[in-house]
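Report on the following structure.
The values are calculated or read from the model by the stated rules, or taken from the named source; none is laboratory data. From a predicted model like this one, the values you see are computed outputs, not experimental measurements. Quick reminder, even Gly has a Cβ in these numbers, built from the backbone with ideal geometry, and neighbours come from all protein chains shown. These area figures cover heavy atoms from the full protein model, side chains too; ligands, DNA and RNA do not enter into them. Shrake-Rupley method; radii C 1.70, N 1.55, O 1.52, S 1.80 Å.
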Amino acid sequence: MYYDRMLHKDGLGEIGLGASFTSMSSGNFIFNEFQTMVGPRIKIGDNRFVTIGIGMGMRAAKLNFEDFVTIDPNDPAIPTEGVSTKFNMNIGIGFKSKHWQFGVSSTNVTQSEFAGLNIQTSRQYYISASYELAMKDFLKISPSVRFITDMNMQTTDVNMLLTLKDQLWMGVNYNTNENMAFMAGFDLAKKYRVGYCYETSSNTELFGNNHEFVVGYVVQ
């Protein structure tokens, strides 16, 4: 879930403010995070902009002990805490023209260590590019590609999104880890966004199938 607001500043371009809440599970762990974001957008030419963004917030990691089975209760690797909360930060810079976008960003910049849970988040780096092709006045086709790495492993996302009359959208995503995702949703009055995404993998025992719901509100 997220909230966005764009502030207009004469002579300074625009400044975007936002907030988001995310929740995800990985194995026996559940991660909840709340972030606030700010991103000034600077005009550098005709229909060309540079945006610099930073997000800061708190991430909570929780271990579900009900599903945690131990063989040796004295094993020092067994977490000693059920919940741990740490500060987290994301940064990025993007370039946008009338039809294309390019961006470089990093998440988990602080590489938070949840000592009581014996886990540490890895800093990840993203390079992304997209292009928007308008077909008549009612259809837009937006292919995009994103490269992700933590300097140990890497993966690439290839995405195709179709938008009808700036309201209905649907798309498909393929990941080089042999994951595929299908998404669809709609926007109302350029303020409300509702979407759903289903992700599946050829290795369901390792990655499983995921469901993601998006609810958004934007204030101009």
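For region 95-132, give me each residue that is over 21 Å from MET151 (Cα atoms) and among the charged types (D, E, K, R).
Listed by number, the residues that qualify are LYS96, LYS98, GLU132.
Residues are listed down the side, and each one gets a yes or a no for (1) open to solvent by 40 Å² or more (accessible area, probe 1.4 Å); (2) at pLDDT 85 or above; (3) over 30 Å from LEU162 (Cα atoms):
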site	(1), (2), (3)
VAL109	no, yes, yes
ASN118	yes, no, yes
THR121	no, yes, yes
LEU133	yes, yes, no
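Quick check: is even one residue across region 164-184 farther than 26 Å from THR51 by Cα, of a type in the set (Phe, Trp, Tyr), open to solvent by less than 40 Å² (accessible area, probe 1.4 Å) and in a strand (DSSP E or B)?
No: region 164-184 contains no residue that is farther than 26 Å from THR51 by Cα, of a type in the set (Phe, Trp, Tyr), open to solvent by less than 40 Å² (accessible area, probe 1.4 Å) and in a strand (DSSP E or B).
Could you check, for region 44-66, whether at least one of its residues is in contact with a strand residue (DSSP E or B) (Cβ under 6 Å, 6 or more places away or on another chain), surrounded by fewer than 13 Cβ atoms within 10 Å (Cβ to Cβ), modelled with pLDDT of 70 or more and among the hydroxyl-bearing types (Ser, Thr, Tyr)?
There is no residue in region 44-66 that is in contact with a strand residue (DSSP E or B) (Cβ under 6 Å, 6 or more places away or on another chain), surrounded by fewer than 13 Cβ atoms within 10 Å (Cβ to Cβ), modelled with pLDDT of 70 or more and among the hydroxyl-bearing types (Ser, Thr, Tyr).
Taking the criterion of being of a type outside the set (A, V, I, L, M) and in contact with a Cys (Cβ under 9 Å, 6 or more places away or on another chain), would at least one residue in region 127-147 satisfy it?
No, region 127-147 contains no residue that is of a type outside the set (A, V, I, L, M) and in contact with a Cys (Cβ under 9 Å, 6 or more places away or on another chain).
When both residues are 6+ apart or on different chains and their Cβ atoms are under 8 Å apart, which pairs have a first residue that lies in region 9-32 and is among the acidic types (Asp, Glu), and a second that is open to solvent by less than 70 Å² (accessible area, probe 1.4 Å) and at pLDDT 80 or above?
So the pair list comes out as GLU14/PRO40; GLU14/ARG41.
Take the residues in region 67-90 that are open to solvent by 80 Å² or more (accessible area, probe 1.4 Å) and under 29 Å from ILE148 (Cα atoms); name whichever of them is modelled with the lowest pLDDT.
VAL83
Pick out the one residue from LYS96, LYS140 that is buried (at least 17 other Cβ atoms within 10 Å of the Cβ), within 21 Å of LYS165 (Cβ to Cβ) and of a type outside the set (S, T, N, Q).
None of the other options fit; the residue is LYS140.
Hey, does region 87-103 have a residue that's part of a loop (DSSP other than H, G, I, E, B) and more than 30 Å from SER142 (Cβ to Cβ)?
No, region 87-103 contains no residue that is part of a loop (DSSP other than H, G, I, E, B) and more than 30 Å from SER142 (Cβ to Cβ).
Residues being free of Cβ contacts under 8 Å to residues at least 24 places away in the same chain and outside any strand (DSSP E or B): count how many of those fall in region 118-136.
Residues in region 118-136 being free of Cβ contacts under 8 Å to residues at least 24 places away in the same chain and outside any strand (DSSP E or B): 1 in total.
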